[in-house]
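Q: After the structure tokens below, expect a handful of questions from me.
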Amino acid sequence: MRTGPFSDTRVIERLNAYFVPVYVVNEDYAPDGPAPAEEKAERDRIYRAALAAGMSTGTVHVYVVAPEGQPLGTLHVARAARTERLLELLDGVVAELGLKPGEPLAAPRPQSVPRGHEPGSLVLHLVARGLGGGGSWDGTAENWIVYSTEEAALWLPSGELAEGRSWTIEPCLAERLLVHIYPVTENNDVTKNSIEAGELRARVVQVGAQRVLVRLDGRLQMRHDFYYQPDGNLVETDLVGYLEVERSSGCLAGLRLVTHNGRYGGGRFGVAIRMAEAETLPLRQ
Amino acid sequence: MQRMMLGGTAALLLSVAWLVRPACGAEALPTDYELVSHTDATLAAWWLKPEEKRFDEIGWVDGLIAARRLSAERGRPLFLFTMDGRVNTGRC
């Protein structure tokens with residue numbers, strides 16, 4: 001939906017001009033999820049009202065609700081993913097209610113941002129995409145991986161970074177990154193990913209006047225199911241990239257890492273990771 | 001004799017090259033000299049394109065209750081999308 005109908009100019013214009021758009025994450029609204037009880041109750045009320053009205057219902061679904069609270073129309077995601085079908089629903093409601101266009105009621109803003117973190121944290125932004133041959137949905141997926149100031153310091157060894165010096169990134173730090181390296185799949189519970197072999201190694205390749213360049217090399221072999229049922233699929237890839245370290249402060253000034261020959265589910269995929277360029281608002285992932 | 005030795009050396013080198021070659025269709029890792037340009041070019045090619053971030057052009061309201069309140073106050077219908085995973089990151 002993100003790179004389908006929600007990226008279509010006509011859908012964007014209609015949602016902004018005529019509707020109050022909101023999305024909710026089912027995991028947050030589960031009985032043990034973090035969403036407030038009032039939010040959960042309202043989502044359940046809309047679901048039940050749609051059910052009572054004889055409309056299609058489901059957990060992965062579109063609901064259009066009147067300002068008074070009653071459902072006006074629903075669509076299963078498989079139908080909503082067809083842009084023309086979604087436009088038909090939206091235009092039908094606009095016509096039925098005789099709505100006049102207006103400005104968005106909430107200012108559009110970046111929706112993918114890292115979770116709240118303290119200043120000085122190492123914030124990594126990851127983008128995954130399929131590169132053909134299957135094993136990935138279309139579109140892209142993102143993750144944010146945040147290391148505290150203390151954890152960030154562990155990416156570098158103590159002492160001088162002389163040319164040729166090498167070390168292995170702490171496994172617990174590397175694994176927190178590696179578990180997110182997979183293409184665009186249905187299953188995104190990284191606790192179910194099982195690393196069979198994975199490591200990140202670092203080696204100083206150049207000591208400049210201002211900065212030290214550190215090469216990163218890695219290898220990952222990880223069990224990752226496309227859906228939520230075990231399917232035996234393996235993520236297999238090499239990793240290559242670099243760290244930049246400021247000589248004067250010893251601080252990490254940059255991190256870039258990409259997969260190399262990444263394969264999954266019979267297809268190829270690519271993952272690119274970089275240090276976030278600027279602090280972002282602590283909102284949600 | 002020398003020719004045979006050279007031939008044998010060539011065969012040995014070919015064998016070693018065969019053993020250390022990248023897997024079928026795989027590209028060799030960049031050298032240290034190529035490291036930065038390779039990483040930067042690959043990252044640029046795979047990074048999010050503006051057309052892949054159009055989701056952010058929608059004025060999403062944060063939270064269902066806040067959205068319902070706005071809907072009632074401003075007389076606009078609510079558009080609610082419920083899903084497993086996080087549509088805002090594409091991990092859904």
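Coordinate-derived values only; no laboratory data. All values derive from a computational prediction rather than experimental measurement. Cβ sites come from the backbone with ideal geometry, for glycine too, and all protein chains shown count toward neighbours.
Q: Name the most mobile residue of A:ILE195, A:ILE145, A:ILE12, meaning the one with the largest mean-square fluctuation, in a Gaussian network model of chain A with Cα contacts below 10 Å.
A: Looking only at A:ILE195, A:ILE145, A:ILE12, the largest GNM fluctuation is found for A:ILE12.
Q: Within segment A:114-190, which GluC sites (Glu not before Pro) sit in a loop by DSSP and count at most 15 neighbouring Cβ atoms inside 10 Å?
A: Of the GluC sites (Glu not before Pro), the ones in loops of segment A:114-190 whose Cβ has at most 15 other Cβ atoms within 10 Å are A:GLU160, A:GLU163, A:GLU186.
Q: Between A:GLU88 and A:ARG211, what length comes free when the chain is fully extended (0.36 nm per residue of separation minus the Cα-Cα distance, one decimal in nm)?
A: In short, 38.6 nm is gained.
Q: With chain A treated as a Gaussian network of Cα nodes joined by springs under 10 Å, which of A:ALA153, A:ALA30, A:ALA50 yields the largest mean-square fluctuation?
A: Maximum fluctuation in the GNM of chain A, among the listed residues, is at A:ALA30.
Q: Under the definition of partner shielding as Cβ atoms of other protein chains within 10 Å of a residue Cβ, what is the mean value for peptide A:53-60?
A: 2
Q: Grab the alpha carbons of chain A, take their convex hull, and tell me the volume per residue in Å³.
A: In chain A, the Cα hull volume divided by residue count equals 163 Å³.
Q: Å³ per residue of the Cα convex hull, for segment A:122-275?
A: 100
Q: Could I ask something else about it? Can you give the net charge of the other residues whose Cβ lies under 11 Å from the Cβ of A:VAL62, counting K and R as +1 and D and E as -1?
A: That sum, taken over residues with Cβ under 11 Å, equals +2.
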